[in-house]
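Asker: This is the structure, below, for whatever I ask next.
Derivation of every value follows stated rules applied to the coordinates shown; laboratory data play no part. Everything numeric in this text was worked out from a predicted model, so none of it was measured. No Cβ is skipped: glycine too gets one built from the backbone with ideal geometry, and neighbour counts run over all protein chains shown.
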C-alpha cells in the first residue's frame with residue numbers, strides 16, 4: 001500500500017529463533033529500494049505475533065486497522081509508520097469456524113465485509129455495518145469447490161476504481177496460483193473471470209520474469225492499491241501485484257521455505 005510517498009509492507013515471517021510465525025513491517029519509496037529496506041519485527045511490540053496481516057485506513061474512525069490471525073484479530077494505530085503504535089489485538093469475529101484463516105476486510109458505502117478461508121475448499125463471508133465495525137458475528141459460505149486445492153486460501157477482494165465492479169482473488173495449487181471472479185456486490189454472486197490453472201489471474205502459465213524464472217509459485221500477496229482506505233480501490237490501468245515466490249528446487253520444510261517477494265506488473 002502506498003501512503004505519504006512510501007510503500008508500506010506488512011509481511012508474514014517465520015521466526016526461527018522462537019519457532020513461531022510472526023510479521024515484519026518495512027517501508028520504502030520505490031520498489032528498486034525494497035531489497036534494502038529495514039525489516040522491523042512486530043514480535044515484542046504491543047500488537048504481538050500477527051500472521052497474514054492486512055492493513056488499511058478506516059475513515060469513519062480515523063484509524064489504521066491491522067487484520068490478522070490465528071483466530072480473527074484486529075489492532076489499531078494512528079500512525080502506520082510507527083510499529084510501536086499498534087494496540088494489543090482484539091477479537092474480530094464471534095461465532096466463526098475453528099479452521100478460519102487469512103482474514104480480509106473490505107467496505108462499501110453501507111457495510112464492511114469479512115472474507116476468509118479454511119483450507120477446506122470453501123470461501124467464507126461475514127458482514128457488519130460501518131457503524132458496528134470491527135464487530136463481526138456469524139458467517140456464511142460464499143463459494144465452495146469439491147477439491148480443496150482449487151479454493152485454498154489467501155483471498156483478497158478489491159473495488160475496481162471508477163466502476164461498480166469488485167474483483168475477488170483466491171489462491172489455489174499446485175504450484176500456487178490465483179483464480180479470480182467479479183461481482184457488482186460484495187454479497188455476490190461471483191462470476192468467473194480467470195479461474196483456471198491454464199488461464200489464471202496470476203500463475204506459472206501467464207507470469208514471465210525479468211531474467212531467469214525464480215519461482216513457479218505465485219502465492220499469498222496483495223494488489224498495490226490506488227488508495228489506502230477501507231474501500232480497497234485498485235486502478236485497472238495500472239495493476240501491480242506483490243506476491244511471495246520460492247525457489248522451486250528448495251527442499252526445506254514448509255515453515256523454512258526461502259520465500260522472496262516479487263512484483264507482477266500487468267502488460
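Asker: Considering only region 38-53, state which residues are closer than 11 Å to residue 23 by Cα and out of contact with any helix residue (DSSP H, G or I) (no Cβ under 9 Å at 6 or more places or on another chain).
Answerer: Within region 38-53, 39, 43, 44, 48, 49, 50, 51, 52, 53 meet the criteria.
Asker: Sort through 263, 242 and tell me the only one that's closer than 23 Å to residue 35 by Cα, surrounded by fewer than 18 Cβ atoms within 10 Å (Cβ to Cβ) and in contact (Cβ under 8 Å) with a residue 60 or more places away in the chain.
Answerer: Details: 242 fails: surrounded by fewer than 18 Cβ atoms within 10 Å (Cβ to Cβ).
None of the others qualify; the one that does is 263.
Asker: Another question, if that's okay. May I ask you to verify whether residue 109 is surrounded by fewer than 22 Cβ atoms within 10 Å (Cβ to Cβ) and closer than 12 Å to residue 186 by Cα? Walk me through how you get there before you give the answer.
Answerer: Numbers: surrounded by fewer than 22 Cβ atoms within 10 Å (Cβ to Cβ): yes; closer than 12 Å to residue 186 by Cα: yes.
Against the criterion (surrounded by fewer than 22 Cβ atoms within 10 Å (Cβ to Cβ) and closer than 12 Å to residue 186 by Cα), residue 109 qualifies.
Asker: How many of the residues in region 129-187 are touching a helix residue (DSSP H, G or I) at 6+ places or on another chain (Cβ under 6 Å) and crowded, with 21+ Cβ neighbours inside 10 Å? Outline the logic, then answer.
Answerer: Just the residues of region 129-187 that are touching a helix residue (DSSP H, G or I) at 6+ places or on another chain (Cβ under 6 Å), to begin with: 130, 172-173.
In the following step, the residues that additionally are crowded, with 21+ Cβ neighbours inside 10 Å were identified as 172.
Qualifying residue count, region 129-187: 1.
Asker: Follow-up. Before we move on, is residue 109 within 23 Å of residue 234 (Cβ to Cβ) and part of a loop (DSSP other than H, G, I, E, B)?
Answerer: Values: within 23 Å of residue 234 (Cβ to Cβ): yes; part of a loop (DSSP other than H, G, I, E, B): yes.
Yes; evaluated as a whole, the condition is true for this residue.
Asker: State whether one or more residues within region 18-26 are assigned to a loop (DSSP other than H, G, I, E, B) and either farther than 21 Å from residue 223 by Cα or in contact with a helix residue (DSSP H, G or I) (Cβ under 9 Å, 6 or more places away or on another chain) (or both). Spell out the reasoning first.
Answerer: Going through region 18-26, the residues assigned to a loop (DSSP other than H, G, I, E, B) turn out to be 18-19.
Adding the requirement that they be either farther than 21 Å from residue 223 by Cα or in contact with a helix residue (DSSP H, G or I) (Cβ under 9 Å, 6 or more places away or on another chain) (or both) leaves 18-19.
There is at least one residue in region 18-26 that is assigned to a loop (DSSP other than H, G, I, E, B) and either farther than 21 Å from residue 223 by Cα or in contact with a helix residue (DSSP H, G or I) (Cβ under 9 Å, 6 or more places away or on another chain) (or both).
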